[in-house]
Amino acid sequence: MDKQRKIFIAGHRGMVGEAIKRTLQQKGYSNLLLKKSSELDLRDQRTVYTFFEKEEPQVVIDAAARVGGILANNDYPYPFLMENMQIQNNLIEASLRQDVDKFIFLGSSCIYPKLAPQPLKEEYLLTDSLEPTNEWYALAKITGVKACQAIRKQFGNDYVSLMPTNLYGANDNFDLQTSHVLPAMIRKFHEAKENGHVPVTLWGSGTPMREFLYVDDLAEAVVFTLENTLPEYLYNVGTGEDLTIKQLAETIQAVVGHQGEIVWDRSKPDGTPRKLMDISKMHALGWKHQIKLKDGIEHTYKWFLENQGNYKEVKL
Ligand SMILES: NC(=O)c1ccc[n+]([C@@H]2O[C@H](COP(=O)([O-])OP(=O)(O)OC[C@H]3O[C@@H](n4cnc5c(N)ncnc54)[C@H](OP(=O)(O)O)[C@@H]3O)[C@@H](O)[C@H]2O)c1
């Protein structure tokens, strides 16, 4: 891959986009096109088309989205559906019009049916009903996957979708109203430690099983996809290993150094009992994650400590 190629990273200030930007820069990619949402609102079709006509990117990585946890998805269904479709539709159509060589679309494991067999294989897409709490977001992402697949099928362009498992790392969202489980736990354990090791209350029973991928590993998967022509339209990206939420909590508690009690609030929902990606397709092509969960949590906690007061407070 020519390292001078013009690569537009949509959403480069987000957790995923920032890791992709950093990884590409470290590998010598020097022609990155980067715009904040305040400079380029990707929901606005006309603005996006004009931007593409002027800048003529050769590669587009779509890491821009309205992202959030269960609470946010449940309370704000319309923006999770509509804004995500607007963002991705504008990027996909503008890329097709401008003959962009490679388009990498990022979605998430929530595209798969709620009760799909585990581990989740790519072919389970659209075989059953979605998890209702985030179906709005999932539906938007499914239309993105399908738009890229349709372009691939009809025009033969190299448009690929990557579905990461739960991600965590630097630049994560630590706002307790909108964050995912892992960063929320880091913040809760940290604040409980600061308050004299008071008990930490966590949602549910602690028994559901989840998989977590350090965001720099995802960035490596994106670079792998950039540098290779992958034969299929959809790939899962994860570690292939899961653990219970209780084990996760204990790991984070140990990293943070909280010595108080963990209280499980069983009146709160657990969500899906297990969610693990089948990543055999990416493994067969030669990509595998490198960062172990405990190491990733240590890096993330270090980032949290260095950026306290600076981390995102997400407005909805
Ligand atoms: N976080 C996870 O655990 C996870 C897991 C699986 C998949 N993913 C996928 O990874 C992608 C990125 O997630 P993330 O966690 O990095 O999200 P994030 O930290 O919230 O970042 C999202 C980015 O999207 C940009 N954006 C949002 N609305 C925009 C708009 N209207 N115009 C232009 N830019 C806009 C934001 O730009 P500004 O900062 O400039 O406002 C921000 O940089 C999503 O597709 C998500 O599905 C994430």
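The values are calculated or read from the model by the stated rules, or taken from the named source; none is laboratory data. Because the structure is predicted, anything quoted here is derived from the model rather than measured. Don't worry about glycine lacking a Cβ; one is built from the backbone with ideal geometry, like all the others, and counts go over all protein chains shown. Only protein heavy atoms, including side chains, enter the accessible area calculation; ligands, DNA and RNA are left aside. Shrake-Rupley method; radii C 1.70, N 1.55, O 1.52, S 1.80 Å.
Quick notes
- Residue count for the stretch 238-277, restricted to those that are closer than 21 Å to His190 by Cα and either of a type in the set (Phe, Trp, Tyr) or part of a strand (DSSP E or B) (or both): 5.
- Near pairs, Cβ below 7 angstrom, 6+ apart or cross-chain, from the stretch 207-227 (in contact (Cβ under 8 Å) with a residue 60 or more places away in the chain) to any residue that is among the basic types (Lys, Arg) and not in a helix (DSSP H, G or I): Pro208/Arg274; Met209/Arg274; Arg210/Lys275; Glu211/Lys275; Val223/Lys27; Leu226/Lys102
- Against the numbered list (1) open to solvent by 50 Å² or more (accessible area, probe 1.4 Å); (2) touching a strand residue (DSSP E or B) at 6+ places or on another chain (Cβ under 9 Å), Asp242 comes up short only at (1).
- Number of the condition not met by Thr127 [criteria: (1) under 21 Å from Leu33 (Cα atoms); (2) part of a loop (DSSP other than H, G, I, E, B); (3) open to solvent by 60 Å² or more (accessible area, probe 1.4 Å)]: (1)
- Complete set of residues in the stretch 56-67 that are outside any strand (DSSP E or B), more than 10 Å from the ligand (Cβ to nearest atom) and surrounded by 15 or more Cβ atoms within 10 Å (Cβ to Cβ): Pro57, Gln58
- Residue in the stretch 134-151 that is surrounded by 18 or more Cβ atoms within 10 Å (Cβ to Cβ), within 13 Å of the ligand (Cβ to nearest atom), among the aromatic types (Phe, Trp, Tyr) and in contact (Cβ under 8 Å) with a residue 40 or more places away in the chain present: yes
- For the stretch 100-120, taking the residues that are in contact (Cβ under 8 Å) with a residue 12 or more places away in the chain and open to solvent by 70 Å² or more (accessible area, probe 1.4 Å), the one that is nearest to the ligand (Cβ to nearest atom) is identified as Lys114.
- When the stretch 162-183 is limited to residues that are more than 10 Å from the ligand (Cβ to nearest atom) and either without any contact (Cβ under 8 Å) to a residue 60 or more places away in the chain or open to solvent by 20 Å² or more (accessible area, probe 1.4 Å) (or both), the one that is nearest to Gln308 (Cα to Cα) turns out to be Leu176.
Let's see how each residue does on (1) near the ligand (Cβ under 7 Å from one of its atoms); (2) out of contact with any strand residue (DSSP E or B) (no Cβ under 8 Å at 6 or more places or on another chain):
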| site | (1), (2) |
| --- | --- |
| Met1 | no, yes |
| Lys6 | no, no |
| Gly11 | yes, no |
| Gly14 | yes, yes |
| Gln25 | no, no |
| Leu32 | no, no |
| Ser37 | yes, yes |
| Arg43 | yes, yes |
| Thr47 | no, yes |
